[in-house]
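The values are calculated or read from the model by the stated rules, or taken from the named source; none is laboratory data. Bear in mind that the values here come from a model prediction, so they are computed numbers and not experimental data. Please note: Cβ atoms are built from the backbone with ideal geometry, for glycine as well, and neighbour counts cover all protein chains shown. Surface areas here come from the heavy atoms of the whole protein model, side chains and all, with no ligands, DNA or RNA. Shrake-Rupley method; radii C 1.70, N 1.55, O 1.52, S 1.80 Å.
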Amino acid sequence: MLGNFIYHNPTKIYFGVDALANLKEEITGKYQRVLLAYGGGSIKRNGIYDLVISVLRKCKVEIVEFAGIMPNPTYEKVLEGAKLVREKQIDLILAVGGGSTIDCAKAVSLASYHDDAWNRFWVKHEPISQKLIPIASILTMAGTGSEMNGGTVITNTEAMLKKGTGYIELNPQFSILNPEFTYSVPKYQMLSGIFDIMSHIMETYFSADDGDNLSDDLAEAILKNVMRNTKVAIEDPYNYVARSNIMWDATMALNGTLDPGKDGDWEVHAIEHQIGAYYDVAHGMGLAAVSIAYYRQKIPFAVARFKKFAINVFNVDPDKKTDLAVANEGIDALADFIKKSEMCSSLRELGISDESKLKAIASSVSCYPTSYQTLTTDDVYKILKESF
Ligand code: NZQ
Ligand code: ZN
């Protein structure tokens, strides 16, 4: 059911092969000193860096580079960027990259003029009280949805915690989405991003309210779209139709569109984030590795919902079958999709070679009072063991 809700997403999206042309007008006359944030160098290899620099030069701004943002960005890196912002009096952070670069840019904005940002924002989720630096993004990889939300996920290596926080003030002012920029994403990372998209959708879909709700209908449509286009993009990485659909699927999956009327679950993400805190893994692959075990233990608490998923998303034929059998077939089909697409089906495939840290990981996972049932640390441990 759709009850009361506020929908407000302040990010402007420029989408398509000509999208970068809008950068000049967005920057000229509005900003003077731009922090150009990027990752480990893929944008230099694929030519995006040169394209962006040539537009920025026309904007007559001072460009300060903040390079080397790693996948699963660390708080240490955030503090390095925050120092640069203060020293150079930056007035816009332009993130060029995937979710890690955009998240790091948002975190730098938070940490530039707030002391003790980790505790205040990632641990205690305090309100913002000091100046923020506006951020904008040029997306190079589809997955997280960070280009159109206020979320920022950061790893604190000392505390062994990977945590997300979110503020609407951190939504990018604008984001530039050119699907061609994703052509060079390696297959493994593309698939990781794709399962991330699916998980964002499923973790909203597999949560109350189960009543008639546009959010659920949209979720099913986006899931089918992303799976159909994944098959095409695997065969033909330069297929614009597939890449453009996947890119917009990613944005739609986590920009608030699917939230009205839904509680959200997010326990798969909570588990993956702690796997990520212990092992530096690709986020979406980590989600794929634990999702099947997670959903299998969840089915008994929400049989009707899993049955609907099986029929509407995977065309499972319910004739002469129990509801539970249909529900299970849906998750079998999801497991099959993961396997056939060559996503990680287990923690071992993710590169974790032994079970020695699974207990510690389980103990560090936040068990949210999420929809249908709340996990215990023991449940998390069982899921990790089964996923191994
Ligand atoms: O380091 P660079 O050079 O950028 O290379 C990256 C990186 O090695 C590479 N890549 C990106 N675009 C490319 C490319 N390589 C070639 N060509 C391109 N066009 O891909 C690798 C992975 O990039 P990364 O940004 O780490 O991937 P992703 O977009 O999956 O981001 C993952 C991070 O986002 C967080 C995750 O936890 C993880 O830390 N999340 C953020 C969310 C949010 N803000 O809303 C929600 C998500 O659930 C997620 O937790
Ligand atoms: Zn995610």
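What do you reckon, is Val232 surrounded by 16 or more Cβ atoms within 10 Å (Cβ to Cβ), under 19 Å from Phe195 (Cβ atoms) and among the β-branched types (Val, Ile, Thr)?
no
Restricting to the stretch 279-319, count the residues that are under 22 Å from the mean Cα position of the chain (by Cα) and not aromatic (Phe, Trp, Tyr).
15
Filter the stretch 153-185 for residues that are near ligand 1 (Cβ under 10 Å from one of its atoms) and hydroxyl-bearing (Ser, Thr, Tyr); which is most open to solvent (accessible area, probe 1.4 Å)?
Ser184
Any idea how many residues of the stretch 286-305 are within 13 Å of Asp216 (Cβ to Cβ) and open to solvent by less than 50 Å² (accessible area, probe 1.4 Å)?
So the answer is 2.
Within the stretch 2-42, count every residue that is on the phi > 0 side of the Ramachandran plot and aliphatic (A, V, I, L, M).
Residues in the stretch 2-42 being on the phi > 0 side of the Ramachandran plot and aliphatic (A, V, I, L, M): 0 in total.
Filter the stretch 199-224 down to residues that are part of a helix (DSSP H, G or I), in contact (Cβ under 8 Å) with a residue 40 or more places away in the chain and either small (Gly, Ala, Ser) or not assigned by TED's automatic domain parsing to the domain that holds Ile331 (or both), then give me how many there are.
2
Is it the case, given these coordinates, that Glu203 is among the charged types (D, E, K, R), touching an Asp or Glu at 6+ places or on another chain (Cβ under 8 Å) and either open to solvent by 30 Å² or more (accessible area, probe 1.4 Å) or modelled with pLDDT of 95 or more (or both)?
yes
When Thr182 is evaluated against the numbered criteria (1) among the polar types (S, T, N, Q); (2) out of contact with any His (no Cβ under 7 Å at 6 or more places or on another chain); (3) under 30 Å from Glu126 (Cβ atoms), which criterion, by number, is the only one it fails?
It fails just one condition, (3).
Failed condition for Asp196, given (1) in a helix (DSSP H, G or I); (2) in contact with a Leu (Cβ under 7 Å, 6 or more places away or on another chain); (3) more than 12 Å from Met141 (Cα to Cα), with all others met?
(3)
Applying the selection to the stretch 372-388, what residues are among the β-branched types (Val, Ile, Thr), open to solvent by 20 Å² or more (accessible area, probe 1.4 Å) and modelled with pLDDT of 95 or more?
Within the stretch 372-388, Thr376, Thr377 meet the criteria.
Taking the options Thr28, Thr74, name whichever one is within 25 Å of the chain's Cα centre (by Cα) and of a type in the set (Ser, Thr, Tyr).
The match here is Thr74.
Taking Asp103 and the conditions (1) closer than 25 Å to Ala282 by Cα; (2) acidic (Asp, Glu); (3) more than 16 Å from ligand 2 (Cβ to nearest atom), which numbered condition does it fall short on, given that it satisfies the others?
Condition not satisfied by Asp103: (3).
Since Pro369 meets every condition but one in (1) in a loop (DSSP other than H, G, I, E, B); (2) farther than 18 Å from Phe206 by Cβ; (3) open to solvent by 40 Å² or more (accessible area, probe 1.4 Å), which condition does it not meet?
Exception for Pro369: condition (2).
If you take the residues in the stretch 250-283 that are open to solvent by 10 Å² or more (accessible area, probe 1.4 Å) and of a type in the set (Asp, Glu), which one is nearest to Arg348 (Cα to Cα)?
Asp280
Any residue at all in the stretch 4-17 that's more than 16 Å from ligand 2 (Cβ to nearest atom), more than 25 Å from Ser244 (Cβ to Cβ), in contact with a Pro (Cβ under 7 Å, 6 or more places away or on another chain) and open to solvent by 30 Å² or more (accessible area, probe 1.4 Å)?
yes
Considering only residues that are more than 23 Å from the chain's Cα centre (by Cα) and open to solvent by less than 60 Å² (accessible area, probe 1.4 Å), look in the stretch 31-47 and name the one that is farthest from Leu94 (Cα to Cα).
In this case the residue turns out to be Gly47.
Would you mind stating whether Asp336 is more than 23 Å from the chain's Cα centre (by Cα) and either open to solvent by 80 Å² or more (accessible area, probe 1.4 Å) or assigned by TED's automatic domain parsing to the domain that holds Ile201 (or both)?
No.
Name every residue in the stretch 248-278 that is under 12 Å from the mean Cα position of the chain (by Cα) and at positive phi, in order of residue number.
Matches in the stretch 248-278: Trp266 only.
If I ask for residues that are within 27 Å of Leu92 (Cα to Cα), away from ligand 2 (no atom under 16 Å from the Cβ) and in a helix (DSSP H, G or I), which ones from the stretch 164-193 would you list?
Of everything in the stretch 164-193, those that are within 27 Å of Leu92 (Cα to Cα), away from ligand 2 (no atom under 16 Å from the Cβ) and in a helix (DSSP H, G or I) turn out to be Ile168, Glu169, Leu170, Pro179, Glu180, Phe181, Thr182.
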